[in-house]
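Encoded as structure tokens, here's the structure I'll be asking about.
Since every read-out is calculated from the coordinates, none of them should be taken as a lab result. Worth saying up front: this structure is predicted, and the values here are computed from it rather than measured. All Cβ positions, even for glycine, are placed from backbone atoms using ideal geometry, and neighbour counts span all protein chains on display.
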Amino acid sequence: MIRPKNKWIVWGISIFNALLMLAFSLYWLNLPYTFGDEAFLIKWSSLLKKSLLQIDPKPNPEEVLFVDVSGNKAVIDGVDEFGDKSPYNRIVITDREQLSQFFSLLNRYRHEVRFVLCDVLFAESSPADSLLQVKVDSLGDKLLGVSHLNKSGKHTRPVIRMPYAVSTYNATQGLFLKYPLMLSDSLKTLPLVMYEKLNGARFEYQKGWLFYQINGRRSLHAPIIDFKLRQSDFKVGQTMGEANFAVWPMGTILESQEFMDEESMRAFFKGKLVVIGDFVNDMHRTPFEKLPGLVLLYNAYLTLVSGENALSSWWLAFLFAGYLLLSYRIFFDLQVIKPAWLVKVSRSKFWQAVVNTADELTILTVITFLSYFIFHRHINILILLIYLKIVEYLWKKTPVYLQGKMPQMFKRKHRVTS
Amino acid sequence: MRNALFLFVLLVSCLPAISQSYFVVSVKDSVMVDGRLLQKRDKIESDAKIHFSSKEAFAYVMSPGKGYYILSPKKMKSRVAREFVLSLKEALLPPDDFYATSVRTFSEEEGFSFPTVYEMQAFFRGKVLLVGEAAFKLPPDAFVLDEAHYFSFELELSDGVIIKRGPVKDGNLIVSDSLRYIGGHVLDPAVIKSVRLLYRDQTTGVAQQIGVFQLVCPDRQLVADELQQLYQSQSNARPHSFLHDHAMPYLQTCYGNAHPLVIAGIIEEMGNQ
């Protein structure tokens, strides 16, 4: 129990601690990667909301055309150890002749197409590059290509001249959870550039700023991505007329020119965001399942479109309230009555510690679920549990706590020591 | 068909306001549209009346801009509703797979294998030499093989196409002379313009093309004689390296891609003689 005269001090400490927790949360959310353990909560909160409760708004399938180039591969000579092209080193690349044919088709319907995202890295030169370059030039600003950034900071740009943005994310143990909006403090990543181009978003950032500004609103550096589009959304329809997300092999679209009329061919592209990539070889581990790279990019773009990267005042207030509750619990030594049967399972210190942690874990889990269900934002929460336990341990060593807990003993001890 | 169950589906009721066209990707059994038999690449208008010859019959169609559809008298299960249950099942019973910690390489004892689909695609293109039954080890985990998923060879003749199922035994795709047997007759390779190897998914109707190649079927004895001459002309040839150093490059140039084990068999027969 806290002595009345210390109450205001403890309230002050609680508020300070809640603010500190909020600052930690925002710092962790700003990191370009996240802790793998968070994947469990992210996965199950998403599944509960999307699959079980069916709160799962989807983008319009008729607004996007996913084009799969996994069946359109060619082999070129690679570079040997001496730095020369050698037929003994073969590299598999996307067939650029066929890609040129597809780009010709895109040029034919240039005015119908909304935007083209080509998630194919043109890292090596090939004999068909000049042909592809002509088609790429014709698409102009409607096209966006990709570049890669590796661990050592080497930036691999496309050998074809085209507008491009970095298509790289950071991850712990290869598990995709977040997409940074910028890398190396100067390189805008692809979802952000897409958002700027397609939605006319205004992005501002200066070195030293804690947050980015998008359309005048503060934004996290690397939001946790909400998987609005997953493998299960790509399905074969049974009711004619309803639109479904589909993966179109590039060969099928090219071949369709032979038997489809002009109106049907136009329907492929009309008002579409054309997303070209590999649906077989470019797979990434996510909390749900393995997803193709271009679906990750599309989900990251959708996260920006729905504003789930922004720092909303209500969300911050909610987090603060949740953290204040946890702080109040610790600093006012509020003991939650645990079921007797649970406490009696074992007398060991370890088990008692586990039981004492259970209620904090429950509150943190409720906070993360509510944050996602109400504000559509995932947060890093499990790491806070470790922080809380350290704070609790230290608090129980402080004079303010000891004075309230055992006033007589504290007084005696105090007298002796003084 | 006497016992054919004719099912009738009127699509007018589920029509959108704007007329939409559908193109047939594949058909199972007989599906009739406005009195005509549905074929691949046919166009169906959204007000078409469709008859299915059996409960199992379906038409797999695509609509540009809208997606793929399966038109069937049977209702198929939705994957979305099962997502939560499947995740729960995976959490309780995580999937268990085998992973090899070494790379397989070719040796005459272990057969001829394709580590990935790309090697398979590279083999089944251009010219392919067939001089006996050849077993090709399929890339691991690349193909599901059951009743609904299988390989098929489409032999393109000047007057039509013959489709033959590609037999798979112990994870090996078997390519043999039976590919050319039609109704008790053997097709002359010259009649076969090209062969298309496809991996089919009967449930969705999707066919993944592995490769298109020309089948080269010379007499086995003729190939053996040529290899005999080649061996004699190469005075420095070591018997154990003859296959890879001389025979395979020679056959590759003259006839096309060949199965090393089949050629090794011919060389062994040469040695016995």
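Provide the gained length on full extension for the span residue B:91 to residue B:252, in nm with one decimal, where the gain is 0.36 nm per separating residue minus the Cα-Cα distance.
52.9 nm
Okay, moving on. How high is the relative contact order of the range A:1-126? Use alpha-carbon pairs under 8 Å, at least six apart in sequence, and give a whole percent.
With pairs under 8 Å counted, the relative contact order is 12 percent.
Separate question: Counting pairs of alpha carbon atoms under 8 Å apart in space and at least six apart in sequence, what relative contact order in percent does the range B:108-260 give?
29 percent.
Rounding to the nearest 20 debye, state how big the charge dipole of the range A:245-322 is about its Cα centre with +1 on each Lys and Arg Cβ and -1 on each Asp and Glu Cβ.
400 debye
Quick one: which residues, 5+ away or cross-chain, put their amide H under 5 Å from the amide H of residue A:201? H built at 1.01 Å from N.
A:196
How far is helix A:129-139 tilted, in degrees, relative to the longest principal axis of the Cα atoms in chain A, given as a value from 0 to 90 rounded to the nearest 10?
70 degrees
Rounded if a/c is under 1.5, else prolate if a/b beats b/c, else oblate: with a ≥ b ≥ c from the C-alpha gyration tensor eigenvalues square-rooted, which is the range A:63-146?
prolate
Could you pull out every residue, at least 5 positions away or on a different chain, whose amide H is within less than 5 Å of the one on residue A:274? Hs are placed 1.01 Å off N in the peptide plane, and Pro or chain starts have none.
Close amide H contacts, sequence-distant or interchain: A:65, A:114, A:115, A:116, A:117.
Once you average over the residues of B:39-46, how many Cβ atoms of partner chains fall within 10 Å of each Cβ?
2
Relative contact order of chain A: what whole-number percent is it, with Cα pairs under 8 angstrom and at least 6 residues apart?
24 percent
Local charge sum around residue A:131 (other residues, Cβ-Cβ under 14 Å, Lys/Arg +1, Asp/Glu -1)?
Once positives and negatives cancel, what remains is -1.
Related question: Could you sort the peptides A:203-212, A:24-33 by per-residue average Cβ neighbour count (10 Å cutoff), highest mean leading?
Put in order of decreasing packing, that is A:24-33, A:203-212.
A follow-up question, please. Just to check I understand the Karplus step: with θ = phi - 60° and J = 6.51 cos²θ - 1.76 cosθ + 1.60, what whole-Hz values come out for the range A:42-47, glycine and proline as x?
4, 4, 6, 5, 5, 5
So, with +1 on the Cβ of K and R and -1 on the Cβ of D and E, and no other charges, what is the size of the charge dipole of chain A about its Cα centre, to the nearest 20 debye?
The dipole magnitude comes to about 3480 debye.
What is the dipole size for the range B:133-273, taken about its Cα centre, with +1 at each Lys and Arg Cβ and -1 at each Asp and Glu Cβ, in debye to the nearest 20?
That gives the range B:133-273 a dipole magnitude of about 140 debye.
Work out from phi, with θ = phi - 60° and the Karplus expression 6.51 cos²θ - 1.76 cosθ + 1.60, the ³J(HN,Hα) of each residue of the range B:128-143, listed in order in whole Hz, and give x for Gly and Pro.
After applying 6.51 cos²θ - 1.76 cosθ + 1.60, I find 10, 8, 10, 10, x, 5, 10, 10, 9, 5, 6, x, x, 6, 7, 10 Hz.
Right, something else. Mind giving me the FRET efficiency for residue A:11 and residue A:55? R0 is 60 Å, r the Cβ-Cβ distance, nearest 0.05 is fine.
After rounding, the FRET efficiency stands at 0.95.
Rounded, prolate or oblate: which fits the range A:45-109 when a ≥ b ≥ c are the square roots of the eigenvalues of the alpha-carbon gyration tensor, with rounded for a/c under 1.5 and prolate only if a/b beats b/c?
Here the range A:45-109 falls in the oblate category.
With θ taken as phi - 60° and the coefficients 6.51, -1.76 and 1.60, list the Karplus ³J(HN,Hα) couplings across the range B:205-215 in order, rounded to whole Hz; mark glycine and proline as x.
x, 6, 10, 9, 7, 8, x, 10, 9, 9, 8
Oh, and also: Among A:205, A:177, A:191, flag the residue with its Cα farthest along the positive direction of the charge dipole of the range A:156-217, charges on Cβ as +1 for Lys/Arg and -1 for Asp/Glu.
A:191
For residue B:166, which sequence-distant residues (separation of 5 or more, or a different chain) have an amide H within less than 5 Å of its own amide H, given hydrogens modelled in the peptide plane?
Those lying under 5 Å, H to H, from residue B:166 are B:151, B:152, B:153.
Out of the DSSP beta bridges found with both residues in the protein assembly as shown, what percent are antiparallel (nearest 5)?
Restricted to the protein assembly as shown, the bridges split so that about 75 percent are antiparallel.
How much mean residue ellipticity at 222 nm does chain A get from its helices, if each DSSP H run of length 4 or more adds -39500 (n - 2.57) and you divide by all residues, to the nearest 500 deg cm²/dmol?
About -13500 deg cm²/dmol.
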